[in-house]
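Participant: Mind looking over this structure? Questions follow.
The values are calculated or read from the model by the stated rules, or taken from the named source; none is laboratory data. The structure presented is a predicted model; accordingly, all values stated were derived computationally and were not measured. Neighbour counts are summed over all protein chains in view; Cβ atoms, including those assigned to glycine, are modelled from backbone coordinates with ideal geometry. What goes into the accessible areas is simple: the full protein's heavy atoms, side chains included, and nothing from ligands, DNA or RNA. Shrake-Rupley method; radii C 1.70, N 1.55, O 1.52, S 1.80 Å.
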Amino acid sequence: MTDPAAAPAAGALATLAAAVQRNCDLADAHHADGKSLCTYLLGMREYFRWETRLPPGQAPERAALSRWIAQREARWELLREDGAAGFAPLPIAEGIDPFDDERVNRHLVGQEVVYGAGVGLFGAPLFFLARRESDHFRDGARVIVAGAELARGFVAAPAVSRGDTVIIRRDALRRWLWTRIEAAQREPADNAFGTALRAYGDPADAATVERMAQGETETLILHELGELKAGGLLGAEWEAMLAGIGDRRTELLVRAVRDLLADCLVTLPALIERQADTSLHFWRASFDGLRRVLDPDLAAACRASPPGIDRSALDRAAQRGRETWREVAEDLLSNWRRGGNAALQARAAALSAAG
C-alpha cells in the first residue's frame, strides 16, 4: 500500500507539472531544432495550440504565433547557455530522478495522473504528465490510456512503450489527427486517411475526430504490443545497439525495421482477423517514409484495390514480413556484434540502397 504522505497532494500537482515542464523545455532546448524547417514550424504551430489552449484544428493568429515562437526560442537559448542546467529531480518524496518513471508513478497512485519519461529519436529525452483515463493489463503488458496533458515537450508521440508498459497519449493522438486532416485537404479525396476519417462521420465535424481518436486508440495499442513482442524476440541487445547509434540515417532504418516487425507480428494480423477495414485504412495512411520503401510487398498490398482493402494481400505480405523483418533485425544485430557501429552503419546503408 502506498504511503499517502509520499504522494503529492492535489495542491502540489501544479508544482509537479511545472517541474516536468521545465525538464521538457530543457530537452527541447537541445533537440527541438534538429528537425527540417517545415517539420519544425508545423510542430511549433501545434505546440502553440496546446500551450495556449486553442482548439485543435483552429488556425493560430499569425502574429501571436510568431511572438510565441520567438519567446520559446529565447527561453531555450537561456537554458542552453546555463551550463549548470540539468534535468531536475521531480518534487516527490525526497526528489526522484525524472527518468525513473516507474518510481514516480508508484508515488502518483490515487492521483489519476500518469507520468512518462524516456529517450526518443536521436537520443532526445521525452517527458510528459497527463490525466489517466484507463489502466489495465493485456497480453502481459500494462496498458495506460492518458488524456489531457499537463506538461509536455515539442515532440508528443501518440504512443510510447517502456519495459512492459504501454501508454497511449490520446490528446497527442487527437492533435496529430487534426494535423493529418489539414494535410489531407491538399490530397485526393480518396486518400487512405480521408477514407478512414469518413468512416467515423462528417470530416468537418469535430466529433468525428474525437470518435476516430477513440476508435484508433486500439490500433496504437496493437502496434505497441507488437513492439513489446518484437523486443522479446530480439532481446536486450537490440536496445543497447539502438542507444549507441550515432548516425541518424542508421537509427531511422533500425527503428523502421522494428516497426515493420511489430506490425507484421501483431497489428496487421489482429486488424485483418477482425476485418477492421477502417483501422486498416488508418494504418495504411501512416505507412509511409522508410517503412514503405523497405517493404515493397506491404506497399503493393496497400495499393492493391483502392479505395478498398485487400485483406488477403495484406495478410500474405504480413506473413512474409514476420520472417523477413526478424531475419533483417537479427542480421543488423549480428553486424553490430562483429563490428560495432561502423559495421551496423554499413549494413544499414546497404539495406536502404536495396530498398
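Participant: Whose amide H sits under 5 Å from the amide H of GLY118, counting only residues 5 or more places off or on another chain, with H placed in the peptide plane?
Facilitator: LEU126
Participant: Would you kindly find the accessible area of TRP176, with a 1.4 Å probe and non-protein molecules such as ligands, DNA and RNA excluded, rounding to the nearest 10 Å²?
Facilitator: 80 Å²
Participant: Still on this structure, please answer the following. Send over a whole-number figure in Å² for the accessible area per residue of segment 1-137, probe 1.4 Å.
Facilitator: Per residue, segment 1-137 has 54 Å² of solvent-accessible surface.
Participant: Starting from the residue with the highest accessible area, list ASP25, ASP33, ASP135 in decreasing order, probe 1.4 Å.
Facilitator: ASP33, ASP135, ASP25
Participant: Which value, in debye to the nearest 20, gives the size of the charge dipole of segment 266-355 about its Cα centre, when Lys and Arg are +1 and Asp and Glu are -1 at the Cβ?
Facilitator: Result for segment 266-355 is approximately 160 debye, rounded to the nearest 20.
Participant: Accessible area, 1.4 Å probe, largest first: how do SER279, SER36 sort?
Facilitator: Listed by decreasing accessible area, they come as SER36, SER279.
Participant: Mind grabbing the accessible area of GLU81 for me, 1.4 Å probe, Å², rounded to tens?
Facilitator: Roll a 1.4 Å probe over it and GLU81 shows about 130 Å².
Participant: Say the dipole of the chain comes from +1 at the beta carbon of Lys and Arg and -1 at that of Asp and Glu; which of LEU332, TYR40, PRO98 then lies farthest toward its positive end?
Facilitator: The listed residue farthest towards the positive side: TYR40.
Participant: Let me check I've understood the local charge: for GLU102, count other residues with C-beta under 12 angstrom from its C-beta, Lys and Arg +1, Asp and Glu -1. What total comes out?
Facilitator: Around GLU102, the surrounding residues sum to 0.
Participant: Please name whichever of LEU298, ALA353, ALA317 sits farthest to the positive end of the charge dipole of segment 262-355, dipole taken about the Cα centre and charges placed at Cβ: Lys and Arg +1, Asp and Glu -1.
Facilitator: ALA353
Participant: Compute, for segment 1-131, the length of the dipole vector about the Cα centre, with Cβ point charges of +1 (Lys, Arg) and -1 (Asp, Glu) only. Units Debye, rounded to 20.
Facilitator: Here the size comes out at about 540 debye.
Participant: With every protein chain left in place, what is the accessible area per residue of segment 238-296 in square angstrom, probe 1.4 Å?
Facilitator: 39 Å²
Participant: If I compute P(r) over Cα pairs in 20 Å bins from 0, in percent from the structure I just sent, which labelled value in (1) 27, 60, 13; (2) 28, 52, 19, 1; (3) 33, 60, 6 lines up?
Facilitator: (1)
Participant: A further question follows. Which order do ASP101, ASP205 take when ranked by solvent-accessible area (1.4 Å probe, heavy atoms of all protein chains), largest first?
Facilitator: Largest accessible area first, the residues go ASP205, ASP101.
Participant: Under the Karplus relation 6.51 cos²θ - 1.76 cosθ + 1.60, θ = phi - 60°, what is the ordered set of whole-Hz ³J(HN,Hα) values for segment 92-97, x standing for Gly and Pro?
Facilitator: 10, 6, 8, x, 10, 3
Participant: How much of the accessible area of the chain, in percent, comes from carbon and sulfur atoms when a 1.4 Å probe is used?
Facilitator: Carbon and sulfur together cover 53 percent of it.
Participant: In a shell of Cβ-Cβ distance under 9 Å around VAL143, excluding VAL143 itself, what net charge do Lys and Arg (+1) and Asp and Glu (-1) give?
Facilitator: -1
Participant: Among rounded, prolate and oblate, which fits segment 64-200 when a ≥ b ≥ c are the square roots of the eigenvalues of its C-alpha gyration tensor, a/c under 1.5 means rounded, and a/b larger than b/c means prolate?
Facilitator: It comes out oblate by the Cα gyration axes.
Participant: To the nearest 0.05, how large is the calculated FRET efficiency for ALA18 and ASP277 if R₀ is 51 Å and r is the Cβ-Cβ distance?
Facilitator: That gives a FRET efficiency of 0.70.
Participant: Next question. Grab the other residues whose beta carbon is less than 13 angstrom from that of ILE69, score K and R as +1, D and E as -1, and report the net.
Facilitator: Within the 13 Å Cβ shell, the charges total -1.
Participant: Classify segment 82-123: rounded, prolate or oblate, from the alpha-carbon gyration tensor (a ≥ b ≥ c, eigenvalue square roots; a/c under 1.5 rounded; otherwise prolate if a/b is larger than b/c)?
Facilitator: oblate
Participant: Something else: Kindly report, to the nearest 10 Å², the accessible surface of SER352 as traced by a 1.4 Å probe over protein heavy atoms only.
Facilitator: About 50 Å², rounded to the nearest 10.
Participant: Give me the distance between the Cα centres of segment 18-65 and segment 204-231, rounded to whole Å.
Facilitator: Each part's Cα centre sits 23 Å from the other's.
Participant: Follow-up question, since we're still on this one. Go through segment 121-138 residue by residue and turn each phi into a ³J(HN,Hα) via Karplus (6.51, -1.76, 1.60, θ = phi - 60°); whole Hz please, and just put x for glycine and proline.
Facilitator: Each residue of segment 121-138 in turn: 4, 6, x, 7, x, 10, 9, 7, 9, 9, 5, 9, 9, 7, 7, 8, 9, 7 Hz.
Participant: Rounded, prolate or oblate: which fits segment 121-211 when a ≥ b ≥ c are the square roots of the eigenvalues of the alpha-carbon gyration tensor, with rounded for a/c under 1.5 and prolate only if a/b beats b/c?
Facilitator: Prolate, since a/c reaches 1.5 and a/b exceeds b/c.
Participant: Normalised by the residues of segment 215-263, what does the relative contact order come to in percent, with Cα pairs under 8 Å and at least six apart?
Facilitator: Worked out over segment 215-263, it gives 60 percent.
Participant: Further question on the same structure: Tell me, what is the percent relative contact order of segment 295-355, built from C-alpha pairs under 8 Å that lie six or more residues apart?
Facilitator: Reported relative contact order: 26 percent.
Participant: Here's another thing I want to ask about it. For segment 166-291, what is the charge dipole size about the Cα centre, in debye to the nearest 20, if Lys and Arg each add +1 at the Cβ and Asp and Glu each add -1 at the Cβ?
Facilitator: The dipole of segment 166-291 has a size of about 140 debye.
Participant: Over segment 80-149, what is the mean sequence separation of C-alpha contacts under 8 Å (at least six apart), divided by residue count, expressed as relative contact order in percent?
Facilitator: Rounded, it is 18 percent for segment 80-149.
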